[in-house]
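The values are calculated or read from the model by the stated rules, or taken from the named source; none is laboratory data. Bear in mind that the values here come from a model prediction, so they are computed numbers and not experimental data. Here Cβ is always computed from backbone atoms with ideal geometry, including for glycine, and neighbour counts include all displayed protein chains. Side chains included, ligands, DNA and RNA excluded: accessible areas come from the protein's heavy atoms. Shrake-Rupley method; radii C 1.70, N 1.55, O 1.52, S 1.80 Å.
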Amino acid sequence: MKLLKAQPGTVRRFMNIWPPFAFTGIRVTRLDPDYLGVSVQLREHWWNRNVAGVHFGGSLFAMTDPFWMMLLLHHLGKDHVVWDKSAEVDFIKPGNGEVTAEFTLAKADVERLRKLAANGDKVLEWFSVDITDKTGAVVARVRKQVYIRRKRDRESRDAVAPAAGDTAAG
């Protein structure tokens, strides 16, 4: 979580040396200062092609993996639990060369989700991103379901549960 409080340039540089990205050829090319947008790029190399000679589907999916959760975590803060819950990928056409995914999170969506989670109930929200090639053609569409819940107030939990060693007789 501390990383998400860092300057966007620092976060972007860290992600580019993070082994799951660095070793697959995935690069974060833009992280907006307001954490509402991210651009991710995957260049084709011999090590990230499948047996048909096109982008390996796992690399295409990996380039989209943490971003919806990361953007939401930044905005909702440490008083919320935010996790990826489910994912779907639809491979539209073979991906060759350089492919890109552009994530844009609307402030209105952040506030709507904050309100939905305000009472501590879980919220499940689907987000979608297209992976496109240099011509703008969609190579794959990835949908992620994100789990959001406001953390329970520590004070109210402590008031309900007696401290270790406490007895009812006192």
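Would a scan of the stretch 73-80 turn up a residue that is free of Cβ contacts under 8 Å to residues at least 60 places away in the same chain, in a helix (DSSP H, G or I), closer than 16 Å to Gln145 by Cα and within 14 Å of the chain's Cα centre (by Cα)? Give the steps one after another, and end with the answer.
Pass one, the stretch 73-80, residues free of Cβ contacts under 8 Å to residues at least 60 places away in the same chain: 75, 77.
In the following step, the residues that additionally are in a helix (DSSP H, G or I) were identified as 75.
Then keep just the ones that are closer than 16 Å to Gln145 by Cα; that gives none.
Checking the stretch 73-80: not a single residue is free of Cβ contacts under 8 Å to residues at least 60 places away in the same chain, in a helix (DSSP H, G or I), closer than 16 Å to Gln145 by Cα and within 14 Å of the chain's Cα centre (by Cα).
Of all residues in the stretch 81-97, those satisfying the criterion of being more than 10 Å from Lys144 (Cα to Cα) and surrounded by 15 or more Cβ atoms within 10 Å (Cβ to Cβ) are Val81, Val82, Phe91, Gly95. Looking at the stretch 21-41, can you tell me whether even one residue there is more than 27 Å from Lys151 (Cα to Cα), part of a helix (DSSP H, G or I) and not acidic (Asp, Glu)? Yes, there is a match, as at least one residue in the stretch 21-41 is more than 27 Å from Lys151 (Cα to Cα), part of a helix (DSSP H, G or I) and not acidic (Asp, Glu).
Checking Asp130, Asp121, Asp65 one by one, the residue that is closer than 26 Å to Phe14 by Cβ and either in contact with a Gly (Cβ under 6 Å, 6 or more places away or on another chain) or modelled with pLDDT under 95 (or both) is Asp65 and no other.
No other residue among Phe61, Phe67, Phe103 is of a type in the set (Phe, Trp, Tyr), in contact (Cβ under 8 Å) with a residue 40 or more places away in the chain, within 18 Å of Val38 (Cα to Cα) and open to solvent by 20 Å² or more (accessible area, probe 1.4 Å) apart from Phe61.
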